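FYI, it's all coordinate maths here, none of it is from the lab. Remember, predicted model here, so these are calculated numbers, not experimental data. Every residue, glycine as well, gets a Cβ built from its backbone with ideal geometry; the counts of neighbours run over all protein chains shown.
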Amino acid sequence: MTDAVILAYDPEVPRQIAFFLIAAVMVFSAFRVVTTKNVVHAALYLVLVLAGVAAQFILLGAEFVGVTQVLVYIGAVIVLFLFGIMLTRAELGDDESVATERRGMAALTGVLLFGVMTYAVVDVFDDQTIDRTEASTTGQIGDAIFKEYIIPFEAVSVLLLAALIGAIVIARKD
Amino acid sequence: MLDLLAQAAQPEFARPRIDWFALSPELVLLSLGALLTLLDVVFAERAKAITSAIAGLGLVGVIIPLVAVWTRVNDGDVLYAFAEKKPGATDPVGLEHYVIDEYAIVMKILFVLVGYVVVLLSTNYVAEGDYWESEYYGLLISSILGMVVMASARDLIGIFVALELLSIPAYLLAAWRKRDKLSNEAGLKYYLMGVFASAVMLYGMSLLYGTTGSTLLVDISKAVGGRESSSIATLGIVFVAVGFAFKVSAVPFHNWAPDTYEGAPTPVTAFLAVASKTAGFVALLTLVYVGFWGRGDVYEPLMWFLAAASMTIGNLLALRQTNFVRMMAYSGVAQTGFIIAPLAVAGNGDIADAALSTTVNYLAIYAAMNLGAFGVLIALARKTRSAEISDMRGAFHYAPGLTAVMTVFLFSLAGIPPIGGWFAKFRVFSVLVQDDSVSGYLLAVVVAVNSVIALYYYASVARTMWADEAPDGDLTPVNVPPSLVAALGITVAITLVFGILPSVVGDFTDVSLLAGG
């Protein structure tokens with residue numbers, strides 16, 4: 001059997017191709033988020049990064065996390081960003097003053113953090129592969145929420161109510 | 001056959017057995033919060049007069065189930081909120097996600113008592129200040145609920161959710177004087193720094209989960225302790241510890257504290273300085289003793305640095321303050337250093353339990369004396385309308401009682417025998433020396449030097465109050481409402497008892513987290 005035949009039947013190959021394509025888009029967009037001078041563009045580039053994360057999760061077979069990523073980040077957080085930009089009357093066009101101060105320090109921090117994280121991940125996980133034969137994880141997550149994680153689950157509902165009441169008090173005009 | 005296969009792939013959902021008795025304090029607290037919210041919805045303005053009384057009585061009521069549970073866990077027993085029947089076993093086995101042991105109960109009692117004193121401090125302040133009353137107490141109760149959950153949470157998800165439940169109402173309360181720019185700044189600063197720290201911590205948690213495959217602290221301990229050190233686990237531990245170092249305002253994560261303390265309403269400041277900080281310590285203790293046990297090579301140097309830096313820098317900055325609240329903020333940073341110090345030697349198996357009970361003991365005394373000091377400030381500010389130290393001049397001439405009580409709290413914070421703070425500091429010192437290592441002795445020296453520095457600024461406030469002349473010769477007495485008198489009575493009694501009868505109350509804080517070894 002030649003190499004070409006093996007490749008043709010290996011399901012890892014399309015996954016790998018998809019992974020690197022998505023990763024390339026994510027890296028480019030993440031770079032643009034911090035280099036673009038337009039705040040709205042930065043938020044929209046962030047959408048691309050987060051959508052890429054969701055796609056990677058789905059490639060890994062974690063469909064619940066992937067869908068949650070789309071709902072929470074693209075659906076809620078980015079919309080919140082855009083609302084925030086509009087409500088605070090920020091400069092909508094190109095703004096030369098954005099992110100020129102302390103640019104060097106920020107870049108240095110970013111590079112250092114990237115170095116440390118890359119080293120740690122490569123050092124520990126190296127070429128381990130994960131088992132992707134398991135069926136859907138959504139059911140397991142549902143079971144876990146109503147089993148051992150029921151207290152955090154209920155605590156979150158109290159938290160949301162408290163945050164809602166508090167936010168209304170702070171935001172009211174009187 | 002197909003059915004069997006399907007069942008093997010997706011096991012039936014089995015409802016775990018829930019120990020309602022062990023959860024009763026949380027349930028009562030939850031009902032109290034719901035009751036306050038509902039009263040406001042149904043009776044609107046008419047409920048205002050009684051909300052603070054209900055919040056206070058309710059918190060006292062929570063003590064009843066707490067003490068009932070305490071009698072069950074007093075002799076080393078452990079209750080689990082959930083139990084699950086493992087296949088093949090006859091009796092259900094407790095799940096380690098939510099554990100009610102003596103340590104958890106002692107901390108819960110402390111949180112509820114602190115909450116009660118904060119309600120007493122708030123009663124007149126909130127009623128007279130045109131604040132949103134029932135919402136104020138509702139948020140306070142939900143924050144306390146978060147702390148109570150934190151004391152029992154033994155897995156990363158539980159700890160994180162408890163942290164958010166106790167923090168988010170606190171962010172809002174810090175901004176409660178919403179027409180005041182300083183208060184807006186306080187809330188915003190606290191919020192932004194808080195979410196940033198949460199994000200760092202959550203990242204650390206994800207690393208720990210990624211490398212151990214479990215959110216349960218006991219499993220994490222098995223995976224990261226003992227074994228060869230792994231860079232991911234080390235990063236995870238450091239990130240998580242940094243997240244809580246922010247919560248307890250340890251140097252270099254203390255920048256938010258002075259501005260937030262100054263801008264927030266004073267009772268909220270007292271709540272942040274005591275309850276919120278204690279909750280951060282509870283999480284740190286649980287993590288160090290249950291989750292990272294065996295990884296002393298990672299957390300000990302980190303804690304050593306945090307302790308030494310917090311004590312020294314906090315004290316040096318406190319020396320230069322002219323505002324009492326800002327001084328208390330920096331003194332709180334220094335106290336954080338004292339409380340962290342035992343964790344720098346906690347990895348030594350012989351004194352690990354002593355280090356834990358020293359920390360718990362310090363937290364209890366710290367709560368009493370710090371709440372008391374803020375209580376006196378709230379009482380004095382009813383006349384002076386200011387938190388500047390210069391405006392406290394000559395307080396002895398018009399409020400001798402308050403001045404005497406404040407002196408007790410200040411000397412306790414400084415660590416003068418025979419008041420509570422002395423006993424707390426002495427135990428920290430002795431546990432550091434017992435470690436019999438260079439780092440332990442060095443840190444003990446730092447503790448000793450800093451105790452002397454701290455005495456200077458605490459004593460100078462006392463001197464201002466006793467010796468100086470009152471401004472403009474204004475000697476009208478301060479009108480101290482009964483709730484404040486009660487709060488000061490409770491805190492001064494606890495502060496003195498801890499110092500005079502340390503052995504009696506010391507038993508209360510003698511707890512252990514190392515049941516499993």
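Structure data summary
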{"read-out": "Around B:Pro502: net Lys/Arg minus Asp/Glu count, Cβ-Cβ under 13 Å", "value": "0"}
{"read-out": "Euclidean distance between Cα centres, region B:98-160 to region B:173-198, Å", "value": "19 Å"}
{"read-out": "Packing-based exposure ordering (other Cβ within 10 Å, fewest first) of A:Ile168, B:Ile157, A:Ile85, B:Ile105", "value": "A:Ile168, A:Ile85, B:Ile157, B:Ile105"}
{"read-out": "At R0 = 56 Å, FRET efficiency that the Cβ-Cβ distance of B:Ser460 and A:Asp10 yields, to 0.05", "value": "0.15"}
{"read-out": "Above-threshold pairs, the threshold being 21 Å between Cα atoms, out of B:Lys189/B:Lys277; A:Lys147/B:Lys86; B:Lys277/B:Lys425; B:Lys189/B:Lys425; A:Lys173/B:Lys178; B:Lys108/B:Lys189", "value": "B:Lys189/B:Lys425; B:Lys108/B:Lys189"}
{"read-out": "Along chain B, longest interval not containing exposed GluC sites (Glu not before Pro), exposed being DSSP loop plus at most 15 other Cβ atoms within 10 Å", "value": "B:229-468"}
{"read-out": "Reciprocal mean inverse distance between Cα atoms of region B:401-485 - Kirkwood radius, Å", "value": "15.1 Å"}
{"read-out": "Square roots of 5 times each gyration tensor eigenvalue, C-alpha, region A:135-174, largest first, Å", "value": "33, 11, 4"}
{"read-out": "Cβ-derived FRET efficiency at R0 35 Å, B:Asp91 paired with B:Val41, nearest 0.05", "value": "0.20"}
{"read-out": "Computed FRET value (nearest 0.05) for A:Arg172 with B:Arg382, which takes r as the C-beta separation and R₀ as 35 Å", "value": "0.80"}
{"read-out": "Rounded to 10°, Cα long-axis angle of helix B:181-212 versus longest principal axis of chain B", "value": "20 degrees"}
{"read-out": "Exercise: per-residue mean of other protein chain Cβ atoms within 10 Å, B:171-183", "value": "2"}
{"read-out": "Proxy reagent accessibility, fewest Cβ within 10 Å first, across B:Asp19, B:Asp40", "value": "B:Asp19, B:Asp40"}
{"read-out": "Angle between chain B longest axis and helix B:400-414 axis [Cα atoms, degrees, rounded to 10]", "value": "40 degrees"}
{"read-out": "In nm, spacing of pseudo-spin labels at A:Val116 and A:Val77 (7 Å Cα→C-beta vector)", "value": "2.1 nm"}
{"read-out": "Averaged over A:161-174, number of beta-carbon atoms from partner chains that fall within 10 Å", "value": "6"}
{"read-out": "Extension reserve of the A:Glu101-A:Thr68 stretch, reckoned as 0.36 nm per residue once the Cα distance is removed", "value": "8.4 nm"}
{"read-out": "Computed [θ] at 222 nm, helices only, for chain B once each DSSP H run of length n ≥ 4 contributes -39500 (n - 2.57)", "value": "-24000 deg cm²/dmol"}
{"read-out": "Ranked packing of A:123-129, B:70-76, most packed first, by mean Cβ within 10 Å", "value": "B:70-76, A:123-129"}
{"read-out": "Degrees, to the nearest 10: B:277-286 long Cα axis against longest axis of chain B", "value": "30 degrees"}
{"read-out": "Taking B:Tyr458, B:Tyr191, B:Tyr136 and counting other C-beta atoms within 10 Å, the order from fewest to most", "value": "B:Tyr191, B:Tyr458, B:Tyr136"}
{"read-out": "Pairs of Cα atoms farther than 42 Å apart, the protein assembly as shown, %", "value": "30 percent"}
{"read-out": "Shielding by partners - mean other protein chain Cβ count within 10 Å, residues of B:28-39", "value": "1"}
{"read-out": "Straight-distance crosslink candidates among aspartates and glutamates, where the alpha carbon sits under 19 Å from B:Lys247 and sequence neighbours closer than 8 are dropped", "value": "B:Asp155, B:Glu164, B:Glu185, B:Asp259, B:Glu262, B:Glu300"}
{"read-out": "Mean separation of Cα contacts under 8 Å (6+ apart) over length of region A:14-65, as relative contact order %", "value": "38 percent"}
